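Okay, structure first, notes after.
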Amino acid sequence: MRNIFPRLRSFFPLAAVAFVIVSMLATLMSGCKNDPAVPPTYNSDNYLSEIDCDSDSVYFANSVLPLIVSSCAKSGCHDRGNNESNVVLTDYNSIIVTGKIKKFKPENSDFYKVMASGSMPPGTPFTPGQLDVIYKWIEQGAQNNHCTSCDTNLLATYSGFVAPLMQSKCLGCHNGNQTGDTINVSTYQGVKGIALSGQLVGTVTGNGYLQMPYQSPRLLDCEINKIIEWVNDGAPNN
């Protein structure tokens, strides 16, 4: 009997520990079975309202973002890697906050005032037409909006469609002023060259090339179709 008690005393602490471990495992398993999955949460600013395009409205994802990214958010300027003067112009939230956009008030918005002064972008300031796009977007509330259709009745001509598209979404990067960049869409001959080589269609479709516009939404299908139609016609200066 004397030899049994020491053994019992050593057994009970081990049993208590085992009981605690088993209880914990049971609790965890029960929680895994009964707790519903927690759905992920998203920032509503990451979503764009998808509506048909209105010719009287300016849409951020379609017209404003490609213009700002190609002209201002390039490496060494206002991208996330450099953010000169603590201004980042790569996405909606950053443009609104660091560009100090005052919704409905273009004249009070720092970004618009700097662009309108002609001091930025350096070397290739915004044209009156591009400034008008920025002005109207802010005047209409600087919304994070996006439309999903385009005017299918618009003829696929160089002057009426291709040139304005190149100016708003490509010219900021491909203007002949960037070191090492041989593409210049500021002239008809420059656009014709990449059109007839297949590079224009390849980049807007992402077929064999890096998809463009860079870091911006893909062109609408009807826009791509108009480019293809113009190229198939021989890329005329019409």
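The values are calculated or read from the model by the stated rules, or taken from the named source; none is laboratory data. These numbers were taken from a predicted model, which means no experiment stands behind them. Using ideal geometry, Cβ is built from the backbone for each residue, glycine included, and neighbour counts are taken over all protein chains shown. These area figures cover heavy atoms from the full protein model, side chains too; ligands, DNA and RNA do not enter into them. Shrake-Rupley method; radii C 1.70, N 1.55, O 1.52, S 1.80 Å.
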Item to check | Any pair with Cβ under 6 angstrom, 6 or more apart, that starts in the stretch 186-206 at a residue that is touching a residue at least 24 places away in the same chain (Cβ under 8 Å) and ends at one that is of a type in the set (Gly, Ala, Ser) | outcome: LYS192/ALA235; ALA195/ALA235; LEU196/ALA235
Checklist outcome for this item: When the stretch 44-86 is checked residue by residue, the ones that are touching a Phe, Trp or Tyr at 6+ places or on another chain (Cβ under 8 Å), at pLDDT below 85 and either open to solvent by 60 Å² or more (accessible area, probe 1.4 Å) or assigned to a loop (DSSP other than H, G, I, E, B) (or both) are ASP45, LEU48, CYS53
Checklist entry - Within the stretch 119-168, can you find the residues that are in contact with a helix residue (DSSP H, G or I) (Cβ under 7 Å, 6 or more places away or on another chain) and at positive phi? => result ALA142
Item to check | Index of the failed condition, GLY193 passing every other in (1) modelled with pLDDT of 90 or more; (2) open to solvent by 50 Å² or more (accessible area, probe 1.4 Å) | outcome: (2)
Item to check | Residue ranges of helices (runs of 4 or more DSSP H) in the stretch 144-218 with at least 3 members within 20 Å of the chain's Cα centre (by Cα) and within 18 Å of ALA73 (Cα to Cα) | outcome: 163-169
Checklist entry - Using beta carbons and a limit of 6 Å, which pairs, at least six apart or on different chains, have the first residue in the stretch 84-104 and within 13 Å of LEU65 (Cα to Cα) and in contact (Cβ under 8 Å) with a residue 12 or more places away in the chain and the second one assigned to a loop (DSSP other than H, G, I, E, B) and of a type in the set (Gly, Ala, Ser)? => result LEU89/ALA73; THR90/ALA73
Next on the checklist: in a helix (DSSP H, G or I), touching a residue at least 12 places away in the same chain (Cβ under 8 Å), aromatic (Phe, Trp, Tyr) and open to solvent by less than 50 Å² (accessible area, probe 1.4 Å): is that true of TYR112 in this structure?
Outcome noted: yes
